[in-house]
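Following: one structure in structure tokens, then a few remarks.
The values are calculated or read from the model by the stated rules, or taken from the named source; none is laboratory data. Since we're looking at a predicted model, the values are computed, not measured. Note that each Cβ is placed from the backbone with ideal geometry, even for glycine, and that neighbours are counted across all protein chains shown.
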Amino acid sequence: MGAIIFNESGQILLVRRGHPPGEGLWSVPGGRIEPGESDAEAVAREVLEETGLTVSVGSLAGVVDRPGPGRVVYEIRDYLAEATGGTLAAGDDAADARWFDPGELPDLPLSPGLLDVLAGWALIDRPPGSSATG
């Protein structure tokens with residue numbers, strides 16, 4: 001599960017992963033769903049743990065499949081969400097948490113495919129020269 005959160009200035013919230021997989025890469029906050037949790041509950045919990053922010057979880061933005069260790073393939077469901085409280089601070093397995101202008105994303109070390117997925121879902125403009133796949 002992941003949360004795609006924009007602030008009033010149109011900036012997107014990203015966390016820098018502090019542990020494998022993806023250590024050092026920027027991505028949307030999120031993680032695993034716990035037994036008995038709904039998608040919305042998992043998204044809200046993960047965002048709070050990683051960023052210190054409480055959120056209202058909205059509609060499904062999209063679904064991507066990403067390879068994991070061995071032959072595992074993770075289905076990741078990303079939801080639009082709105083920050084409703086809290087104070088931004090990296091926590092849990094996040095090494096950092098910050099708001100970025102969408103135009104800054106091509107210059108960041110991002111999780112593989114994130115930029116194309118956000119553009120493919122029409123959440124940000126596709127940067128010039130980027131691929132058309134998601």
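Residue pairs whose Cβ atoms lie under 9 Å apart, separated by 6 or more positions or on different chains, with the first residue in the stretch 53-73 and touching a residue at least 40 places away in the same chain (Cβ under 8 Å) and the second in a strand (DSSP E or B) and surrounded by fewer than 11 Cβ atoms within 10 Å (Cβ to Cβ), are Leu53/Thr84; Leu53/Gly85; Val55/Thr84; Val55/Gly85; Val64/Glu75; Arg66/Val73; Arg66/Glu75. For Gly113, the requirement of being on the phi > 0 side of the Ramachandran plot and at pLDDT 95 or above is not met. When Ala95, Ala61, Ala81 are screened for being small (Gly, Ala, Ser) and farther than 17 Å from Val117 by Cα, only Ala95 passes. Of all residues in the stretch 18-43, those satisfying the criterion of being among the small types (Gly, Ala, Ser) and touching a residue at least 24 places away in the same chain (Cβ under 8 Å) are Gly18, Gly22, Gly24, Ser27, Gly30, Gly31, Ala40, Ala42.
Matching residues to (1) part of a strand (DSSP E or B); (2) β-branched (Val, Ile, Thr):
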site	(1), (2)
Glu50	no, no
Gly70	no, no
Ile76	yes, yes
Ala81	yes, no
Thr84	yes, yes
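Whether any residue in the stretch 75-86 is surrounded by fewer than 17 Cβ atoms within 10 Å (Cβ to Cβ), touching a strand residue (DSSP E or B) at 6+ places or on another chain (Cβ under 7 Å) and within 15 Å of Leu25 (Cα to Cα) is what I want to check. No - not one qualifying residue is present in the stretch 75-86. With respect to (1) touching a strand residue (DSSP E or B) at 6+ places or on another chain (Cβ under 8 Å); (2) under 14 Å from Val15 (Cβ atoms); (3) surrounded by 14 or more Cβ atoms within 10 Å (Cβ to Cβ); (4) not β-branched (Val, Ile, Thr), the lone exception for Ala89 is condition (3). Within the set Glu23, Glu37, the sole residue that is at pLDDT below 95 and under 20 Å from Gly91 (Cβ atoms) turns out to be Glu23. Do the conditions hold for Glu49, that is, is it touching a strand residue (DSSP E or B) at 6+ places or on another chain (Cβ under 7 Å) and of a type in the set (D, E, K, R)? The answer is no for Glu49.
Could you tell me whether any residue of the stretch 21-42 is hydrophobic (A, V, I, L, M, F, W, C), assigned to a helix (DSSP H, G or I) and surrounded by 15 or more Cβ atoms within 10 Å (Cβ to Cβ)? Within the stretch 21-42 (the criterion being hydrophobic (A, V, I, L, M, F, W, C), assigned to a helix (DSSP H, G or I) and surrounded by 15 or more Cβ atoms within 10 Å (Cβ to Cβ)), the answer is yes, since at least one residue qualifies. Being part of a helix (DSSP H, G or I) and either of a type in the set (A, V, I, L, M, F, W, C) or in contact (Cβ under 8 Å) with a residue 60 or more places away in the chain (or both) is the filter here; which residues of the stretch 98-116 pass it? The answer is Pro102, Leu105, Leu114, Leu115.
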